[in-house]
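Data first, discussion second: the structure below is written as structure tokens.
The values are calculated or read from the model by the stated rules, or taken from the named source; none is laboratory data. Bear in mind that the values here come from a model prediction, so they are computed numbers and not experimental data. Positions of Cβ are generated from backbone atoms using ideal geometry, with glycine treated the same way; all protein chains shown enter the neighbour counts. These accessible areas exclude ligands, DNA and RNA; they are computed on the full protein's heavy atoms, side chains included. Shrake-Rupley method; radii C 1.70, N 1.55, O 1.52, S 1.80 Å.
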Amino acid sequence: MAIEPPVVLIRGKDSFLVERFEGELHTHKGIIRLEELRDKNYGDEIATHLGVKYRIMPFKPADFFKHFKRGATPIMPKDIGAIIAYTGLSPDSLILDAGTGSGMLAAYLAYFNKYGEVITVEKRKDFAKIARRNFRLAKLKNIHQIVGDVKFVAEGFKREFDLIVLDMKDDAEFIPAAKRILKTSGYIAVYNPYFEATKRVYEAMVREGFKEIESFEILRTDLEFKRVGTRPVTRVWHTGFIVIGRNV
Ligand SMILES: C[S@@+](CC[C@H](N)C(=O)[O-])C[C@H]1O[C@@H](n2cnc3c(N)ncnc32)[C@H](O)[C@@H]1O
């Protein structure tokens, strides 16, 4: 089967995103003429002018985090995984995501929500533009982007969302509005890097009558395997806290 862009070229831990099969890609192991990709298949190799080979792979969701352009700091896959698992996301959901940032969370949610839709709201035009580019790269068609402040945008929404995810400032203030537009049995998941803000979100959820509220952090430990032994190499453990509540 003929391949089409985007693809990733992988060698060991190195990987390069190729968005067009034209021009040259300069790697630290030599130059790749990208026109050559037109005659290749997935799984084939392509060589630099120094003879170093890279394997050609399709661009998959696991590549989003490495290759999406970044504006605002994106949420990490470990935290996205927890949000998906603990809210029991089903693939025909209507999801509200605020703020969009780089679009990382929105993209993963859209990918696992194949028959549903993600409405993502971002107040900064420049970040929304970066996210739009990322959604195009990932060929995700079930994301609807709105540029604006979610506090005002949400006034136009009805009670219809299966899931609301918040990764933005003033998240606690938005909890009452979120409750109003969340379906019965719908979930809210809030991501925040700070203890104080997370506590405010938790308390706001209690006040609004959310049930089964859980607040936690997911820690990832990367391992380094060496001849002398194996040890953790993660330098920064903390990313953010997640608070999840159910509209019962
Ligand atoms: C940390 S980033 C979100 C990252 C995003 N979850 C991702 O995975 O790429 C926070 C974003 O929220 C946006 N934001 C903050 N307050 C907002 C509001 N009231 N309405 C819409 N967007 C808002 C910021 O401009 C910023 O882009």
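The magnitude of the dipole of region 7-59, with charges of +1 and -1 set on the Cβ of Lys/Arg and Asp/Glu and taken from the Cα centre, is near 220 debye. Scanning residues 5 or more positions from Leu94 or on other chains, those with amide H under 5 Å from its amide H are Glu117, Asp162, Leu163, with H placed 1.01 Å from N in the peptide plane. The 3J(HN,Hα) values that the Karplus relation (6.51, -1.76, 1.60; θ = phi - 60°) gives for region 165-180 are, in residue order, 10, 10, 9, 7, 5, 6, 4, 4, 5, 8, 4, x, 5, 4, 4, 5 Hz. Gly and Pro appear as x. Working note: Karplus 6.51/-1.76/1.60 with θ = phi - 60° gives region 113-127 the couplings 10, 3, 9, x, 9, 10, 9, 10, 10, 9, 7, 9, 4, 5, 5 Hz, where Gly and Pro are set to x.
Here's how it looks for Ile213: its modeled amide H is under 5 Å from those of Arg246, which are all 5 or more places away or on a different chain. Across the chain, C-alpha contacts under 8 Å between residues 6 or more apart give a mean separation that, scaled by the residue count, equals a relative contact order of 14 percent. Between the amide H of Val7 and those of Val18, distances stay under 5 Å, these residues lying 5 or more places away or on another chain, with hydrogens modeled in the peptide plane. Between the residues Val190, Phe161, Leu109, the greatest Cα displacement towards the positive end of the dipole of region 64-246, with unit charges on the Cβ of Lys, Arg, Asp and Glu, is found for Leu109.
Computed from the Cβ-Cβ distance with R0 of 35 Å, the FRET efficiency linking Phe195 to Arg11 stands at 0.25. If you find the alpha carbon centre of region 66-140 and of region 169-248, how far apart are they in angstrom? For region 66-140 versus region 169-248, the Cα centre distance is 16 Å. Rounded to the nearest whole Hz, the Karplus-based 3J(HN,Hα) values (6.51 cos²θ - 1.76 cosθ + 1.60, θ = phi - 60°) of region 35-46 follow the sequence 4, 4, 5, 4, 9, 9, 10, 4, x, 6, 10, 10, with x at glycine and proline. Normalised by the number of residues in region 13-132, the average gap of Cα pairs under 8 Å and 6 or more apart makes the relative contact order 18 percent.
Estimated purely from DSSP H runs of n ≥ 4, each contributing -39500 (n - 2.57), the mean residue ellipticity at 222 nm for the chain is -6500 deg cm²/dmol once divided by its residues. Charge dipole of region 27-157 (Cα centre as origin; +1 on each Lys and Arg Cβ, -1 on each Asp and Glu Cβ, all else neutral): 420 debye, rounded to the nearest 20.
Where in region 28-129 are there trypsin sites (Lys or Arg not before Pro) that are in a DSSP coil and have at most 16 other Cβ atoms within 10 angstrom of their Cβ?
Those satisfying the criteria are Lys29, Lys40, Lys69, Arg70, Lys114, Arg124.
For the chain, a simple Cβ point-charge model (Lys and Arg +1, Asp and Glu -1, everything else neutral) yields a dipole of about 360 debye relative to the Cα centre.
Glu36 exposes around 70 Å² of accessible area when a 1.4 Å probe is run over every protein chain in place. Each DSSP beta bridge with both residues in the chain is either parallel or antiparallel, and the antiparallel ones are about 60%. Indicate the gyration tensor shape class of region 7-59 (rounded, prolate or oblate), computed on the Cα atoms with a ≥ b ≥ c the square roots of the eigenvalues: a/c under 1.5 is rounded; otherwise a/b larger than b/c is prolate and the rest oblate. It is rounded, given that a/c, with a ≥ b ≥ c, falls under 1.5.
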